[in-house]
1. Looking only at region 102-122, which residues are without any contact (Cβ under 8 Å) to a residue 12 or more places away in the chain and surrounded by 12 or more Cβ atoms within 10 Å (Cβ to Cβ)?
2. Looking only at region 72-110, count every residue that is touching a Phe, Trp or Tyr at 6+ places or on another chain (Cβ under 9 Å) and not in a helix (DSSP H, G or I) and tell me the total.
3. Which condition does Thr75 not pass, out of (1) more than 28 Å from Arg24 (Cα to Cα); (2) among the hydroxyl-bearing types (Ser, Thr, Tyr); (3) surrounded by fewer than 16 Cβ atoms within 10 Å (Cβ to Cβ), if it passes all the others?
4. Test each condition in (1) within 13 Å of the chain's Cα centre (by Cα); (2) not basic (Lys, Arg); (3) not in a helix (DSSP H, G or I) for Trp116 and report the one that comes out false.
5. Of the numbered conditions (1) at pLDDT 90 or above; (2) closer than 30 Å to Arg140 by Cβ; (3) within 14 Å of the chain's Cα centre (by Cα), Gly88 satisfies every one except a single condition; which is it?
6. Going through region 119-154 one residue at a time, which ones are of a type in the set (Ser, Thr, Tyr) and either out of contact with any helix residue (DSSP H, G or I) (no Cβ under 9 Å at 6 or more places or on another chain) or not in a helix (DSSP H, G or I) (or both)?
Amino acid sequence: MARIETSATAARSWVAERASAPWRLVLSIFLRIVAVAHLGWALWEWAALIGFVPPVMGVDPKAHLPRQGAAFFFTGVDPIAAVGLWLGSTWGAATWLVATFARILIHTAYAGIFDWTPVWTAVQAASILIYLTLFFLSERAEREEKLKRRRRPE
């Protein structure tokens, strides 16, 4: 007969799982913070495109075609990445990485069109480095936990 877990048992197992993988929890919290930031950013960009609020960094996204295309791209991709990051899915992280690399590219390679801001580029690069560090730490901790479970006689 299958055993039905109570909510207290499920909660204890969830806490035990999180305690054994603290890097996974830190990564999850980081991704949720990034998700909220990107969703807020996307909502602001949408409001700027519609004309409700001033554009970010004081540059009108309707100024010329490349800037307008980038604005439409990011207002479409950022909410998708935010939802995926909030859910903790692989496609969310991949979408966020594509959007972040695209932002870094347009602000450095096409600085004349998109107004290069070194602080903004550094924040984007730092967010990628933090993500990669937390990801590799959590994967290493998970691998070590699996090795411990295999070695433990039952």
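The values are calculated or read from the model by the stated rules, or taken from the named source; none is laboratory data. Being a predicted model, the structure only gives us computed values, none of them experimental. Cβ: placed from backbone, ideal geometry, glycine included. Neighbour counts: every protein chain shown.
1. Selection gives Leu105, Ala111, Trp116.
2. The total comes to 1.
3. With respect to (1) more than 28 Å from Arg24 (Cα to Cα); (2) among the hydroxyl-bearing types (Ser, Thr, Tyr); (3) surrounded by fewer than 16 Cβ atoms within 10 Å (Cβ to Cβ), Thr75 is out only on (3).
4. (1)
5. Every listed condition holds for Gly88 apart from (1).
6. If the condition is that a residue be of a type in the set (Ser, Thr, Tyr) and either out of contact with any helix residue (DSSP H, G or I) (no Cβ under 9 Å at 6 or more places or on another chain) or not in a helix (DSSP H, G or I) (or both), then Thr133 is the only one that fits.
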